[in-house]
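S.K.: This is the structure I have questions about; it appears just below.
Just so you know, all these numbers are worked out from the coordinates, no wet-lab data involved. Just so you know, these numbers come straight off a predicted model, no measurement behind them. When we count neighbours, we look across all protein chains shown, and the Cβ atoms used for this are built from the backbone with ideal geometry, even at glycine.
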Amino acid sequence: ARINKNTPKEFMRELVSKELFEMGQPSFYSEENCRAAVAARGIPMETARHFQISTCMNLVMAKSEASHGWGCQINAHLPLELALNGGRPLVGDLPYNFRTPAKTEYSSADEIYAQYKSYAEELFAVAMDWNQEETVRQARIQPDVWLSMMTDDCIARGRDRWDGGAVYHNLVVEMMGFANASDAVNAIEELVFEQKKYTIAQLLEAAKANYEGYEEIRHDLLNVGKYGMNNARADAH
């Protein structure tokens with residue numbers, strides 16, 4: 001549903017009816033915020049107001065934009081694993097050398113967040129670079145001729161819509177699992193920094209073993225406050 005500040009309350013009540021939520025996942029798009037989001041991509045506001053909704057979460061300028069709505073996905077746990085485990089995932093490895101200096105010792109959750117942010121920024125850059133390379137490669141070996149003909153400027157430029165032909169090219173980079181990652185930091189803050197019951201190294205050891213043989217740690221982690229359960233600190237994280 002596309003809504004704005006003048007949407008009638010009676011209409012809103014119909015949109016949040018119990019029957020709709022039992023059938024699926026209703027989505028709500030604020031005209032004002034969506035226009036601002038599209039304009040933030042460099043599209044003039046007068047043009048941005050003609051945005052369309054693509055898939056369940058993407059905004060697109062129909063007929064003039066090549067849009068990668070699911071262009072890059074990053075697991076929100078990964079930068080936390082890198083921050084806590086000296087720049088490496090808990091399982092396996094990554095074909096990338098990070099510039100962020102590795103750390104394993106922390107004195108507060110704020111220090112973990114700073115390291116998390118640094119790794120996250122690097123992961124975003126890697127994902128976007130890979131997407132750009134792969135998009136150009138695909139456009140050249142498997143061009144999207146039909147849709148390129150229907151997209152503004154592709155014919156004039158003589159290029160595929162994914163390879164510089166379209167007026168606008170939008171890449172959505174998403175991070176999945178923020179609530180779970182924040183719950184993990186909340187657990188570390190309580191069990192490591194406040195209660196001082198465990199060290200980060202002990203929690204990592206248990207996680208790498210999938211908590212087999214570490215039932216007490218698993219029990220304590222499960223009982224720490226979680227986001228969305230009326231725990232102020234967890235919600236703040």
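S.K.: Given that compact globular proteins tend to follow 2.2 N^0.38 Å, what is the ratio of the alpha-carbon Rg of the chain to that value? It would help to have the intermediate numbers written out before the result.
M.R.: Details: Rg = 22.6 Å, N = 237, 2.2 N^0.38 = 17.6 Å.
For the chain, the normalised Cα radius of gyration is 1.29.
S.K.: Another question about this same structure. Which is the longest stretch in the chain that no exposed loop site breaks, taking sites as GluC sites (Glu not before Pro) with a DSSP loop state and at most 14 other Cβ atoms within 10 Å?
M.R.: Values: sites that count: E105, E212.
The longest uninterrupted stretch comes out as 106-211.
S.K.: For K226, give me every one of the aspartates and glutamates with a C-alpha distance below 17 angstrom, ignoring sequence neighbours fewer than eight places off in its own chain.
M.R.: K226 reaches D183, E189, E190, E194, D235.
S.K.: What residues qualify as long-range amide H neighbours of S54, i.e. H under 5 Å apart, gap of 5 or more or another chain, H built at 1.01 Å from N?
M.R.: Amide H to amide H, under 5 Å and 5 or more residues apart or across chains, S54 pairs with L59, V60.
S.K.: What per residue convex hull volume, in Å³, comes out for segment 101-220 when only alpha-carbon positions are used?
M.R.: On the way: hull volume 19.3 nm³, N = 120.
About 161 Å³ per residue, rounded to a whole number.
S.K.: Can you compute the FRET efficiency between L222 and Q202 using 1/(1 + (r/R0)^6), with r the Cβ-Cβ distance and R0 = 25 Å? Round to the nearest 0.05. Please report the intermediate quantities before stating the final value.
M.R.: Values: r = 16 Å, r/R0 = 0.64.
Rounded to the nearest 0.05, the efficiency is 0.95.
S.K.: Right, something else. Please report, in whole Å³, the volume per residue of the convex hull around the C-alpha atoms of segment 62-121. Can you show the working numbers first?
M.R.: Working: hull volume 7.2 nm³, N = 60.
About 121 Å³ per residue, rounded to a whole number.
S.K.: When the helices in the chain are scored as -39500 (n - 2.57) per DSSP H run of 4 or longer and the sum is shared across all residues, what 222 nm value do you end up with, to the nearest 500 deg cm²/dmol? If you can, show how the numbers build up before the last one.
M.R.: Working: 12 runs with 109 residues, N = 237.
Here the helix-only value at 222 nm equals -13000 deg cm²/dmol.
S.K.: Using all C-alpha to C-alpha distances in segment 31-171, build P(r) with 5 Å bins and read off the rounded percent in each one.
M.R.: 2, 9, 15, 15, 14, 12, 11, 10, 7, 3, 1, 0
S.K.: Place a point 7 Å from Cα of F178 in the direction of its Cβ. Which residues in segment 14-43 have their backbone N less than 17 Å from it?
M.R.: Label zone hits: 28-30, 33-34, 37-38.
S.K.: While we're here: Averaging over all projection directions, find the projected area of the Cα convex hull of segment 40-85 and quote it in nm² with one decimal place.
M.R.: Numbers: hull surface 18.1 nm².
Quarter of the Cα hull surface area: 4.5 nm².
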